Amino acid sequence: MSGTLYGLGVGPGDPELITLKALRLLQSVDLVAYPALEHGDSLARAIVAEHLPAGVEEYAIRVPMKVERFPAQEVYDTAAERLGAALDAGQSVAVLCEGDPFFYGSFMYLFGRLAERHRIEVVPGVSSLTACAARLGSPLAARNDTLVVLPAPLDDAALSARLDGVDAAAIIKVGRHFPRVRALIDRLGLTDRARYVERATMQTERILPLDAVEVDGAPYFSTILIHRRGEAWS
Ligand SMILES: C[S@@+](CC[C@H](N)C(=O)[O-])C[C@H]1O[C@@H](n2cnc3c(N)ncnc32)[C@H](O)[C@@H]1O
């Protein structure tokens, strides 16, 4: 009988922010797979390192950080083949996903390749969106507010159009786009409504006013939250 693939949300960084369900499954599967840098570590694995059973089989899916989609798509083809073979052999497999698997998570590329032929269960995780709000003490939205999630790589015109008149926004994938995004937020008069956090809930977390972030200092794992009223409750 073929095995089950679990897309496990492991939360935003604090190892205690994993769900009981994800923890139980993590400790019961035959194979644990996770995305990793082409020549480096895996954040998802680091988050659960203390929970990993000794000796469990591991598989690092090494994804090149390129703008073009194709090298990464080949990596997912290869990974899907490898995981598909394990499932066909009856193994149960967990794929670790930082935050939640279906909130901008790369797990969806494996899901898209494997869901037709294999049994897959997606286990939601604590997303960075809610973790950032918690750490910033800044509720995301209230009542009939609209909340938009904006990837920072969008150009200024697209970001301005979507920020125009919006109640609340989360700008993700900030990283090297920080100086441009900060200047845009300034031009839109939203600087005093914006909050910045990097690596929320991790030991290296930093919360800073926007103008205190070094120009080239924002890591990929940083997020800016904006609420037009300043506080969602007001
Ligand atoms: C590709 S998305 C993946 C989101 C993830 N699946 C989730 O549910 O949070 C990556 C972006 O999420 C945001 N992010 C993820 N973890 C974060 C954290 N611990 N602190 C701040 N932002 C984070 C950053 O903006 C980062 O560029």
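The values are calculated or read from the model by the stated rules, or taken from the named source; none is laboratory data. Keep in mind that this is a model prediction, so the values were computed, not measured. So basically every Cβ, Gly included, is an ideal-geometry build from the backbone, and we count neighbours across all protein chains shown. When the accessible area is computed, the model is the full protein with side chains, heavy atoms only, and any ligands, DNA or RNA have been set aside. Shrake-Rupley method; radii C 1.70, N 1.55, O 1.52, S 1.80 Å.
Over the range 129-227, what percent of the accessible surface lies on carbon and sulfur atoms, probe 1.4 Å? Carbon-and-sulfur percentage of accessible area, whole number: 51. Both radii are taken from the alpha-carbon atoms of the range 4-126; with Rh as the Kirkwood radius, Rg/Rh is 0.93. Rounded to the nearest 5, what % of the DSSP beta bridges within the chain are antiparallel ones? Antiparallel: roughly 35 percent of the beta bridges in the chain.
The GluC sites (Glu not before Pro) found in the range 35-105 that occupy coil by DSSP, while having at most 14 further C-beta atoms within 10 Å, are GLU38, GLU68.
Round to the nearest 0.05 the FRET efficiency obtained for SER2 and HIS39 when R0 = 41 Å and r is the Cβ-Cβ distance. Let's see the in-between values first.
On the way: r = 33 Å, r/R0 = 0.81.
After rounding to 0.05, the efficiency reads 0.80.
Quick one: accessible area per residue over the range 43-146, 1.4 Å probe, rounded to a whole number of Å²? Don't jump to the answer; show the numbers that get you there.
Values: 5510 Å² over 104 residues.
With all protein chains present, the range 43-146 gives 53 Å² per residue.
Here the range 139-185 and the range 62-131 have alpha carbon centers that stand 27 Å from each other. For helix 178-187, what angle does its Cα long axis make with the longest principal axis of the chain, in degrees from 0 to 90 and rounded to 10? The answer is roughly 30 degrees. Please report the orientation-averaged projected area of the range 187-234, defined via the convex hull of its C-alpha atoms, in nm². For the Cα atoms of the range 187-234, the hull's average projected area reads 4.0 nm². Taken about its Cα centre, the chain carries a charge dipole of about 460 debye when Lys and Arg each add +1 at the Cβ and Asp and Glu each add -1 at the Cβ.
Relative to the dominant Cα principal axis of the chain, helix 70-88 is inclined by about 40°. Positive end of the dipole of the chain (Cβ unit charges, origin at the Cα centre): among VAL95, TYR34, GLY165, the Cα lying farthest that way belongs to GLY165.
Calculated translational diffusion coefficient of the range 90-234 (37 °C, 0.692 mPa s; Stokes-Einstein with Kirkwood radius over alpha-carbon pairs) equals 200 µm²/s.
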